[in-house]
Amino acid sequence: MDPRRNDTADTARGVFGMAPRGLSEVSVGIVSIFSRRGVATVVGNDPSKSRNMALVAHIDSGKTTLTESILLKSSYLSSAGSVDTGSTTTDFLPAERERGITIQSASIPVKWRDWTFNLIDTPGHADFGMEVESASRVVDGAVVLLDSVEGVEAQTKGVWGQLDRYGVRSRLMFLNKLDRAGASFSHSVASLLTNRLHPKPMALTLPIASFDPQDYSRAEPGVQGIIDLVQWELWKWDENGESTRHALPAQLDKLDQGLLPASHPIIPHLLPARINLLENLSMFSEELMDTLLNLPSEPSAYLQIAPSQIMPHLRSATLRSDVLPVLCGSAFKHIGTELVMNYVGELFPSPVDVVESVPAANAPLRMLAWKVGWDKRKGWMTFVRIYSGTLTRQSTILNATRNQRERVSKILLLYASEVEEVDSLSFGSVGVIVGLKYTRTGDTLVSTNRSSETTSLRDIIPPPPVMSMSVIPQSHSDLEPVQEALASLARTDPSVRVEMQEGQILVHGLGSLHLEIVESRLKDEWNAQFELGRRRVSYREGLGQGTLTAGENTWTAEIAGKPVAVSIDFAIRALEDDEDGDPVWDGNIVLDEQGNPLRSPESYSNVLDPITNIARGIYNTLSNSPHTSLALSHLHVQLKSYNYPHANAPPSVLAGASAVILRSCIRNAGMGPLLEPFVRLKITVNEDSVGKVVRDLTEHGGEVLDLATGSGGAAGAEEDLQPYSENGVYIPPQELSPSSGNVRDGDVSSSRFKRSIHAIAPLSRMLDYSNRLRALSGGHGLFEMVNAGFRQVSEARKVEILREIGRV
């Protein structure tokens, strides 16, 4: 088994917000331990030297392996751990090592040269997208990994979209696993254009598969060295992963003397690669363009441009996202790791680069809670990033989102399973606060003695749940502990939604694997005693076709012995086909009187604000249909007006009134269409199994979109968009990856001996697909799936769903 293909630490990267368990107490000696390692032991005062970055990718692309390699090269580790043996630094939870998967994202401050990297290793599985969501909110740059055999895959596009959503403009692509049979630098770069990830990928390095030219003719897989086209250097690695650097000659006629054999196939491509790099970069820099225009006419002139003349323009283009820097290597063999770290430091923005003006040291404190975790010994642990001011321990802060005061007990820097206590965190820093009681993921925290900065920072939006299961306490005495455990779990993992439905506790999650981890966490971390009901997908109901009766806009009640009448007018309709719902409102659009989107009820800090209470009432109604008890989706709801007796009733009366009035309108409209979650699949099987797999998909309500031999991801077949043009993009020749055209038999990941079936199908019919595909393909099939949103079902299917949920 190839240990890199079993990098399943990326498979389930993080049941969201799960805090480290079993952390040892910080002793005096831990500071000296960390000082000997390449990690940041104190929070630096120079934010321009900080880099807040994340590693993101599809499953099994090697994120955890690259993290381990970074820790080794930065001298944090004396030897690298392995995903297979459960010895990696960031996979320290018992469940992670038992399952061979990663359950949570891990944040480690790493010292590299004169930079400090706050490195966050994120999940690769779509079931754990919340962890990527929260990390994307607080990082300034991201290293995106590609398996260079597969190219762009389903979740590559998923995490790319998450980075887009939170405005993470600076990214660097690392083409990993170049030592595997079938790896192709050329194909991987081309797949970036084909899948429209970026119009201008820019190769900063070229791989040397072998220093023996005969290995190229034999199509031997491997990577032994790298050409740095910017620094104009050759890097060479030995069998132990130790590297040496060699400057390349600045004269064209000397390239075949000394470092590379004269017959080496890479030599003819070095000058064209450097020229393309400089000329393509000059399209985004007039100064560099002028430099190139003033060069002498001989080709060697391009080799004589110093890196110091290139790097500022490359950094500016990266910060603006004009170009996408592309590096390559093998994290498993520690090849290319140093180059990744060097270019992250050189090209990625610091906290200073992403603000209009750098806040003063005494500026009001302002920070975002991007993750909340629970530890049995330390209690609630809140991960924060400081956006202005300085946080000190034993201080009192204000949760501006919830209008609650919080006490900071301790401030920690987290090194995977080890911690270090510090006295303060300054602007741009990422750390952990112990002791906050009310704070949840996405909350804004500010100082209590400054009132000028109390508005909330941008929230973190959890993905919509697509699957649910019932939780049944084993006895009546277990009910309260189970409910408390579920409330705590939902606080650490905002993508878990808990609701009571007809006396039954339902837990909603992002998929089967997610719910498995939820079950194990409830039992292992909170010792909850319960049984689980059958898992089912989370359906939705749309708006009915009946008349929305006008005039039923008044709600009456008796408060303190006095009759109270509250009137609220709503305008309600179904979303048009070209309208996208708001993820904050689970695919609905909810507007205020002026037509502006309403925020989620939890994001309002003033409980006396009438809009806060109306939003709460709308949310309660949309989460539970009066017809089916399903959540409502694809509705357009606008508040037109409201009126209530201020003297006789508190604003909270608007929550009940808005819920009752809106519910009445929806009931009068009648039961609407039902929607169920669909998934896009990419299924890879042998040619002789294609017919059986297609037939099975059709029988289970699926639709085949495409039959292909390429290795595009599951999300690649749904879009009819044209690929980005190759004009102005240097795609290295195929011969630089010799094994890409000579894949060995038995390499099941290779598309040469496989057929790829792109399809779309209802998630409810795919819950057991792993077993079905194994039987259909004789154990040789692979598949991946990605969420394709909710789709309206037929009348026949609607009856089946109503029977399934007990409404027929």
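The values are calculated or read from the model by the stated rules, or taken from the named source; none is laboratory data. As the structure is a computational prediction, the values presented were derived from the model and not from experiment. Using ideal geometry, Cβ is built from the backbone for each residue, glycine included, and neighbour counts are taken over all protein chains shown.
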Taking region 752-767 and keeping residues surrounded by fewer than 19 Cβ atoms within 10 Å (Cβ to Cβ) and either modelled with pLDDT under 85 or of a type in the set (Val, Ile, Thr) (or both) leaves 752, 753
Considering residues that are within 30 Å of residue 243 (Cα to Cα) and crowded, with 23+ Cβ neighbours inside 10 Å, the number found within region 348-368 is 1
Sole miss for residue 531 among (1) out of contact with any strand residue (DSSP E or B) (no Cβ under 6 Å at 6 or more places or on another chain); (2) acidic (Asp, Glu); (3) more than 16 Å from residue 104 (Cβ to Cβ) is condition (1)
Going through region 90-145 in order, the residues found to be touching a His at 6+ places or on another chain (Cβ under 7 Å) and either more than 21 Å from residue 176 (Cα to Cα) or modelled with pLDDT of 85 or more (or both) are 127, 128
How many residues of region 391-401 are in a loop (DSSP other than H, G, I, E, B) and surrounded by fewer than 20 Cβ atoms within 10 Å (Cβ to Cβ)? The answer is 4
Fill in: Some residue of region 357-368 being touching a residue at least 40 places away in the same chain (Cβ under 8 Å), closer than 25 Å to residue 173 by Cα and not in a loop (DSSP other than H, G, I, E, B)
no
Filtering region 335-356 for residues that are part of a loop (DSSP other than H, G, I, E, B) and out of contact with any strand residue (DSSP E or B) (no Cβ under 7 Å at 6 or more places or on another chain) leaves a count of 2
Practice problem: Return yes or no: is residue 203 at pLDDT below 95 and closer than 15 Å to residue 178 by Cβ? | Solution: no
Region 520-625: strands (runs of 3 or more DSSP E) wholly inside it with 2 or more residues that are exposed (fewer than 13 other Cβ atoms within 10 Å of the Cβ) and modelled with pLDDT under 95 are 554-559, 562-574
Picked from region 504-519 (must be part of a helix (DSSP H, G or I) and among the hydrophobic types (A, V, I, L, M, F, W, C)), the residue modelled with the lowest pLDDT is 513
Would you confirm whether or not region 720-740 contains a residue that is modelled with pLDDT under 55, assigned to a loop (DSSP other than H, G, I, E, B), closer than 17 Å to residue 187 by Cα and not aromatic (Phe, Trp, Tyr)? no
Of the listed residues (278, 271, 260, 229), the one being surrounded by fewer than 17 Cβ atoms within 10 Å (Cβ to Cβ), among the aliphatic types (A, V, I, L, M) and either at pLDDT 90 or above or over 30 Å from residue 353 (Cβ atoms) (or both) is 271
On the given criteria, is residue 386 free of Cβ contacts under 8 Å to residues at least 24 places away in the same chain, among the β-branched types (Val, Ile, Thr) and buried (at least 23 other Cβ atoms within 10 Å of the Cβ)? no
Picking from 680, 663, the residue that is in the same structural domain as residue 769 (by TED's automatic domain parsing) and either within 24 Å of residue 468 (Cα to Cα) or touching a Ser or Thr at 6+ places or on another chain (Cβ under 9 Å) (or both) would be 680
Inset, instruction - Determine whether region 635-653 contains at least one residue that is crowded, with 22+ Cβ neighbours inside 10 Å, within 25 Å of residue 542 (Cα to Cα) and touching a Leu at 6+ places or on another chain (Cβ under 6 Å). - result: yes
With the first residue restricted to region 285-303 and required to be within 18 Å of residue 273 (Cα to Cα) and without any contact (Cβ under 8 Å) to a residue 24 or more places away in the chain, and the second required to be crowded, with 16+ Cβ neighbours inside 10 Å and of a type outside the set (A, V, I, L, M, F, W, C), Cβ contacts under 6 Å at 6 or more apart or on different chains are 289/282; 292/282
By residue number, the members of region 758-795 that are of a type in the set (Gly, Ala, Ser), within 29 Å of residue 578 (Cβ to Cβ) and in a helix (DSSP H, G or I) are 764
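Let's see how each residue does on (1) of a type in the set (Val, Ile, Thr); (2) at pLDDT 95 or above; (3) under 27 Å from the mean Cα position of the chain (by Cα):
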| site | (1), (2), (3) |
| --- | --- |
| 355 | yes, no, yes |
| 388 | no, no, yes |
| 398 | no, no, no |
| 418 | no, no, yes |
| 428 | no, no, yes |
